[in-house]
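The values are calculated or read from the model by the stated rules, or taken from the named source; none is laboratory data. Here the structure is a predicted model, which is why all the values come from computation and not from measurement. Backbone-built Cβ (ideal geometry, glycine too); neighbour counts: all protein chains shown. Keep in mind that these areas ignore ligands, DNA and RNA; they rest on the heavy atoms of the full protein, side chains included. Shrake-Rupley method; radii C 1.70, N 1.55, O 1.52, S 1.80 Å.
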Amino acid sequence: ALNADVGLLDDSKLQLTARAGYDLAQRGFGGFKQPWQTLSANLLYRPVSWARMRNLFSFDPNTGKFLTLTTDLRLRGHNELSFDLVSRYDPQRKKLGNLNGYFNVPVNRLWRLIALFQYNGFLGQFESKNLQVIHDLHCLEAVLTYTENPFGFRSDKQIFFQLRIKAFPMFQRFG
């Protein structure tokens, strides 16, 4: 096999890489001759220090078809403000296959809202919905969490309340 990687990595705001491979023996899977490995191109764009977007394109040279487009958007702010969104588009089905998100938003000095979700575009349903509301009580945190996993090992919905001692950071927020 012959593999190649190329990239433009010198720019801190824009980076582009590509990877492909060729099987010289031309032994494909299942008896099919598919000498080319998937061509993937990765574009990373960071216009400012707190924002980043990455796009990954996958193309099959053997069939001449685009396989996937994955986009990852990440934003950061003050006081742990964060926003992450990852999507996967399937050009064969012309459908948004997955959409996953994470939000961590300080509402004010004492309240925080955190959400984590996974959406399956092929099923047209959420695979997971999670919401957490946190109230700062100086040395404690009051946490109300809602979790719904309809397709997990055990399909369930939960609501639970915790009082956490902030001096003992043995608990982590979900996400």
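So which of GLU148, GLU141 is surrounded by 13 or more Cβ atoms within 10 Å (Cβ to Cβ), among the charged types (D, E, K, R) and farther than 17 Å from ASN104 by Cβ?
GLU148
Name the single residue, out of those in the stretch 116-138 being among the hydrophobic types (A, V, I, L, M, F, W, C) and open to solvent by 20 Å² or more (accessible area, probe 1.4 Å), that is farthest from the chain's Cα centre (by Cα).
Selected residue: LEU137.
To keep it simple, each residue is scored yes or no on (1) part of a strand (DSSP E or B); (2) touching a residue at least 24 places away in the same chain (Cβ under 8 Å); (3) of a type in the set (Ser, Thr, Tyr).
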site	(1), (2), (3)
LEU16	yes, yes, no
SER40	yes, no, yes
LEU44	yes, yes, no
ARG54	yes, no, no
ASN62	no, yes, no
LEU67	yes, yes, no
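Would you check which residues across the stretch 81-114 are within 13 Å of VAL133 (Cα to Cα), open to solvent by less than 50 Å² (accessible area, probe 1.4 Å) and within 18 Å of the chain's Cα centre (by Cα) and list them?
Answer for the stretch 81-114, where residues must be within 13 Å of VAL133 (Cα to Cα), open to solvent by less than 50 Å² (accessible area, probe 1.4 Å) and within 18 Å of the chain's Cα centre (by Cα): ASN104, ILE114.
Looking only at the stretch 64-80, count every residue that is open to solvent by 70 Å² or more (accessible area, probe 1.4 Å) and either closer than 24 Å to ILE114 by Cα or of a type in the set (Val, Ile, Thr) (or both) and tell me the total.
Looking only at that region, the number is 5.
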